[in-house]
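Single-structure report; data block below.
The values are calculated or read from the model by the stated rules, or taken from the named source; none is laboratory data. Not measured: the values here are computed from a predicted model. In this analysis, Cβ positions are derived from the backbone assuming ideal geometry, glycine residues included, and neighbour counts consider all displayed protein chains.
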Amino acid sequence: MRTVPPLVVAFAVALTACSTCPLTPLAVDGHELDAALVTCDLDAVAKLHVPRAVLRSNPQVSSDPAFVAAIARSGSQGRLGSDGVRAALYALHAGEKPLGLYGLQAASMADADRLEGALREIWNHNAELGRARVHRQGDVLIVVWHDGVSSACWQAVNASLAERLARSSG
């Protein structure tokens, strides 16, 4: 009988976990959220928000612990770790200005409640300015933010995210 190396098994488990991850339907190119958006290349992402070492693509969904920790940290402006987070999503798109997504799939509904409270508090100021919004559907939390896209683009992106979240949970 042939033995499969542990690293291959771990990779297969992580890949399988994310293939059914509710964040996966949100990992789309920018134009799928709004025609005015394009998806940024990895070098642009790494310069702005997430260490290049944890990025394989943009957008990216993964349950890799280093990626989850990096996204939890970035998505919470450095205030949260990866405790209670099963998988994460990161995407950076650009229209007139950048627009990004931080997604977290909580390990439990209690973790989702805790993370939601923290994310809403962290992003409250930007939400009041119309520059960020926290979406939640079940155990999935998405922070969408922008640095100056048009109102029409912002509305389209949030509507698309809400629809995609509803479809992925039901």
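Details
- Test: Trp145 is modelled with pLDDT of 95 or more and assigned to a helix (DSSP H, G or I): no
- Residue within the range 88-98 that is touching a residue at least 12 places away in the same chain (Cβ under 8 Å), acidic (Asp, Glu), part of a loop (DSSP other than H, G, I, E, B) and surrounded by fewer than 19 Cβ atoms within 10 Å (Cβ to Cβ) present: yes
- Residue in the range 88-108 that is at pLDDT 95 or above and farther than 22 Å from Asn158 by Cα present: yes
- Hits in the range 99-117 (condition: over 21 Å from Ala66 (Cα atoms) and in contact (Cβ under 8 Å) with a residue 40 or more places away in the chain): Leu99
- The range 39-78, subset hydrophobic (A, V, I, L, M, F, W, C) and in a loop (DSSP other than H, G, I, E, B), residue nearest to Tyr102 (Cα to Cα): Val50
Conditions tested, residue by residue: (1) free of Cβ contacts under 8 Å to residues at least 12 places away in the same chain; (2) of a type outside the set (Gly, Ala, Ser); (3) closer than 26 Å to Arg167 by Cβ.
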residue: Leu23; (1), (2), (3): no, yes, yes
residue: Leu42; (1), (2), (3): no, yes, no
residue: Ser57; (1), (2), (3): no, no, yes
residue: Ala70; (1), (2), (3): no, no, no
residue: Leu119; (1), (2), (3): no, yes, yes
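- Scan of the range 142-170 for residues that are of a type in the set (Asp, Glu) and either buried (at least 22 other Cβ atoms within 10 Å of the Cβ) or farther than 15 Å from Leu99 by Cβ (or both), ordered by number: Glu163
- Selected residue (only one of Gly130, Gly138 is surrounded by fewer than 18 Cβ atoms within 10 Å (Cβ to Cβ), touching a residue at least 60 places away in the same chain (Cβ under 8 Å) and under 23 Å from Gln77 (Cα atoms)): Gly138
- All positions within the range 36-78 that are β-branched (Val, Ile, Thr) and closer than 12 Å to Ala88 by Cβ: Val50, Val54, Val61, Val68, Ile71
- Residue in the range 148-170 that is farthest from Gly30 (Cα to Cα), counting only those that are at pLDDT 95 or above, assigned to a helix (DSSP H, G or I) and among the polar types (S, T, N, Q): Ser151
- Filter result (among the small types (Gly, Ala, Ser) and more than 21 Å from Val157 (Cβ to Cβ)) within the range 56-86: Ser62, Ser63, Ala66, Ala69, Ala70, Ala72, Gly78, Gly81, Ser82, Gly84
- Residue that is more than 18 Å from Leu33 (Cα to Cα) and in a loop (DSSP other than H, G, I, E, B), where the choices are Gly81, Gly130: Gly81
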